[in-house]
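Undergrad: Got a structure for you, written out below as structure tokens; questions coming shortly.
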Amino acid sequence: MAGLMSAEEIFEKTQAASIAATSPDEKALQIDYPALREKIRAALADRKVALCHINRFLPEGYEEQGRFNVLLLTAGNVLFDMVIGDAYFRYDVVSVAQLDKVQVIDAMWDNKEKRREEPFLSLRLMHGEEAHLLLGLVDEERNSILKFASAVTAARNPER
């Protein structure tokens with residue numbers, strides 16, 4: 001399978017995202033990058049990652065858990081949801097086959113800062129009482145979510 005990413009490549013994407021996750025009025029993230037590299041390596045081991053989506057903002061329900069999250073889909077159809085913050089790292093792991101529901105929402109949200117409505121796309125992957133959300137506010141993020149949705153749908157509901 002072409003384009004598979006290693007744990008090291010995921011770390012590099014995560015490091016770049018952590019730098020970008022700080023707005024001008026926020027204190028920069030204080031992440032121990034060598035420790036984060038080891039945590040990502042330990043979590044993924046030798047798994048190869050087919051898709052990676054990084055939420056620039058934490059979805060609702062993740063408050064006070066970090067600054068952003070990284071969602072990965074491995075070549076073996078296993079979902080990793082990693083939440084990253086200054087002194088916080090956690091990840092959930094679930095097989096695509098264990099998901100109870102897959103939901104795509106393409107809608108508008110009220111951006112109170114800009115005082116206008118803006119489009120968003122989200123992918124909600126649910127199992128039990130847990131939900132893993134991918135959010136897209138700009139075209140590049142939307143494309144990432146559509147690829148993720150397509151891969152999850154193909155794995156869960158293959159055409160016969």
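Undergrad: Residue check: is Leu58 at pLDDT 90 or above, of a type outside the set (Phe, Trp, Tyr), surrounded by 13 or more Cβ atoms within 10 Å (Cβ to Cβ) and out of contact with any Ser or Thr (no Cβ under 7 Å at 6 or more places or on another chain)? Steps first, please.
TA: On the way: at pLDDT 90 or above: no; of a type outside the set (Phe, Trp, Tyr): yes; surrounded by 13 or more Cβ atoms within 10 Å (Cβ to Cβ): yes; out of contact with any Ser or Thr (no Cβ under 7 Å at 6 or more places or on another chain): yes.
No: the conditions fail for Leu58.
Undergrad: With respect to Arg142, is the statement that it is assigned to a helix (DSSP H, G or I) and of a type in the set (Lys, Arg) true?
TA: Judged against the criteria, Arg142 is a match.
Undergrad: Ok, one more. Any residue in the range 84-91 that is without any contact (Cβ under 8 Å) to a residue 24 or more places away in the chain and small (Gly, Ala, Ser)?
TA: Taking the range 84-91 first, the residues without any contact (Cβ under 8 Å) to a residue 24 or more places away in the chain are 88.
Still in the running and small (Gly, Ala, Ser): none.
Checked the range 84-91: no residue is without any contact (Cβ under 8 Å) to a residue 24 or more places away in the chain and small (Gly, Ala, Ser).
Undergrad: Going by the conditions given, is Glu159 assigned to a loop (DSSP other than H, G, I, E, B), loosely packed, with under 12 Cβ neighbours inside 10 Å and out of contact with any helix residue (DSSP H, G or I) (no Cβ under 9 Å at 6 or more places or on another chain)?
TA: yes
Undergrad: Let me ask you something else. List the residue pairs whose Cβ atoms are under 9 Å apart, where the first residue sits in the range 67-79 and is more than 15 Å from Leu135 (Cβ to Cβ) and in contact (Cβ under 8 Å) with a residue 40 or more places away in the chain, the second is open to solvent by less than 10 Å² (accessible area, probe 1.4 Å) and among the charged types (D, E, K, R), and the two are 6 or more positions apart or on different chains.
TA: Cβ pairs passing all conditions: Leu72/Asp81.
Undergrad: Does the range 21-55 hold any residues that are at pLDDT below 80 and either farther than 12 Å from Ile84 by Cβ or in contact with a helix residue (DSSP H, G or I) (Cβ under 6 Å, 6 or more places away or on another chain) (or both), and which are they? Steps first, answer last, please.
TA: Filtering the range 21-55 for residues at pLDDT below 80 gives 21-30.
Within the range 21-55, Thr22, Ser23, Pro24, Asp25, Glu26, Lys27, Ala28, Leu29 qualify.
Undergrad: Taking the range 80-131, which residues are touching an Asp or Glu at 6+ places or on another chain (Cβ under 9 Å), surrounded by 17 or more Cβ atoms within 10 Å (Cβ to Cβ) and not in a strand (DSSP E or B)?
TA: Gly85
The values are calculated or read from the model by the stated rules, or taken from the named source; none is laboratory data. Treat the numbers as computed from the prediction; the structure is a model and nothing was measured. For neighbour counting, all protein chains shown are included, and Cβ atoms are generated from backbone atoms with ideal geometry for every residue, glycine included. Accessible surface areas use protein heavy atoms only, side chains included; no ligands, DNA or RNA. Shrake-Rupley method; radii C 1.70, N 1.55, O 1.52, S 1.80 Å.
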